[in-house]
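These notes are about the structure you will find just below.
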Amino acid sequence: MGLEAILALAVVAGVFVALLFTRWPVEAVFLAALTVLVAAAVLPVERAFAGFANSGLVTVALLYVVAGGVQETGAVEWLGRLLLGAPRGQRRALARIMLPAAGLSAFLNNTPLMALLIPLVKDWCRRTGISPSKLLLPLNHAAMLGGTCVLIGTSTNLVVSSLMVAAGQPALGMFEVTPVGLPVALAGLVYLLLASPRLLPERVPVAADTAAAREYLTEMLVQGGGPLVGKTIAQAGLRALGGLYLLEIDRHGRLLQAVAPDEVLAAGDRLVFVGAVESVVDLHRIRGLSPATTQVFRLDGPRNQRQLVEAVVGPHCPVVGKSVREGRFRNRYDAAIIAVARSGERLRSKIGDIVLRAGDTLLLEARPSFLERFRRAPDFLLISAIDGATPPRHERAPLALAILAAVVALAGFGLLDILAAALFGAAGMVVSGCLSFTSARRSLDGSVLLTIGAAIGIGAALDGSGAARALALGLQGLIGHGPWQALLTVYLATLLLTQLITNNAAAALMVPLTLAMAGELGMAVRPLLLAVVMAASASYATPMGYQTNLMVFGPGGYRFGDYLRLGVPLHGVTALVTLAVLAPMLGG
């Protein structure tokens, strides 16, 4: 190896060390490595940053916008509530929850998908009496398995495809990973269904002190012609909601208290709930319910351009001592009160009749400018926005799902390449109003995009300096010249890396080495790259293996050993199926 190759390998080794032993962001590590390679003259500047103009990178960005449209309209949450139902028994519960998660994850990035499903499952567990620890980790693994079935299912697939294009290889097709990913997913789901009830103990999740939690009073209206009309309280999922209690129903002036679960909802019913703020936010995302206060619909601008804000009433606020209705709150602050909490007291009046006191906490629907206008005003002691609480545009959910289906169909049947289909989908989401320009920008995952762009540059350095070829020759000397040995080595090496560093980083480092190995052995490269795709997405055995692993750690009350107990056998199942499917593709 020449000096440039040695420097390139040293930089890659530094990337490993930084990812293993520091908490630096992945994108920062990769960009720093790229900078060092340019400064050391291992990589010309024009090749270093060519990755940021790569068509695969642009495709990833556009697909994030498409997924953002599905999320903003509440389509995923609507599907989740539709599919979860009310099963009997733990295995039926697992089946009802894992199959939809795997199916949705095949077409949506599983990180935002899990962010939406976790609170749904927690509430569902409260209603069914099943411990969250029995469901959340299998749910997470099912979503990861589903993401390997279609190109757009996970960013790792797109990272590999981008690096292949940068290396002069044809991009992965929309369903090219399906012949491998689908049998692996089915085998994994069967294993989870059979084994997880025995392997996962019941854990008590770390929870906040509910006794000290603020208890909001909020009112919701059953929309006429909506999906909840004619359903019972239990069928609508409004009985024993997690963190919420249905206090009463106001049916055209007649109060129904101690509401039975078989009470049938009617159009115009005013439902009065008390509960924690997170549960109130979830309540406002249920399709078929709308805030009972008419003030919400008298605010300027569409609801998807507003946000939910908590504000503590100060002693000098002009509305203190007046009822919500008398204080003309909307006219004064251009915000609508949708819930009220008073420490240590359960409020029972209608929101409009509550006489406000200093120290009351209000949940407001307001424009983003509200925070800046009143953050330092004496009217409120404290103002804070609630993240992820933009009211969804439920009426756009079918349109968002139709656009997503069109993207998959156009790319899957070869009518458009994946970049053109993703561009069509992103533009469709914005033009149709499913997603605003601001929300489209927020939906982009800058970390993934920067990592992909920098990884393409690092791969170019490994290739141009001869480092990749040297490593391929070294691996060839260790494993011999057989295609089967090469497949096994690539899979196991990627699997090991993805347990230690992020799956995208593992894929980014393995692709150039795999291409070089295939070139040296004179064998087909696609099976080896598919092995990289499958192994890089197999991060089941540690909480740190993938970001969604950490997302379920706290809500499920898990311990490190729970991941090992369920994940290590799952690694064995997925590895055996992957290698068995890929082996016939190797040729001679």
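Each value in this text was obtained by applying a stated rule to the coordinates, not by laboratory testing. Computed from a predicted model, the values in this text were never measured in an experiment. Positions of Cβ are backbone-derived with ideal geometry, glycine not excepted, and every protein chain shown enters the neighbour counts.
For the reader, a short list of remarks on this structure follows.
- Residues with amide H under 5 Å from that of residue 232, placed H, sequence gap 5 or more: 265
- Multiplying the residue separation of residue 45 and residue 560 by 0.36 nm and removing their Cα-Cα distance gives an extension gain of 181.1 nm.
- Set of lysines with alpha-carbon distance to residue 350 below 16 Å, sequence-local pairs under 8 removed: 322
- Length released on extending from residue 496 to residue 542, taking residue separation times 0.36 nm less the Cα-Cα span: 15.4 nm
- Taking a point 7 Å out from the Cα of residue 576 in the direction of its Cβ, the residues of the range 156-198 whose backbone N falls within less than 14 Å of it are 184, 187-192, 195.
- Alpha-carbon spread of the range 306-460, three principal axes, descending order, Å: 66, 38, 28
- Here the extension length gained between residue 235 and residue 35 equals 66.2 nm, from 0.36 nm per residue of separation less the Cα-Cα distance.
- The range 1-48 shape via C-alpha gyration tensor axes, a/c threshold 1.5: oblate
- Electrostatic bookkeeping for residue 570 treats Lys and Arg as +1 and Asp and Glu as -1; over the other residues with beta carbon under 15 Å from its beta carbon, the sum is +1.
- All lysines inside 25 Å of residue 122 as judged from Cα atoms, apart from same-chain residues fewer than 8 positions distant: 134, 231
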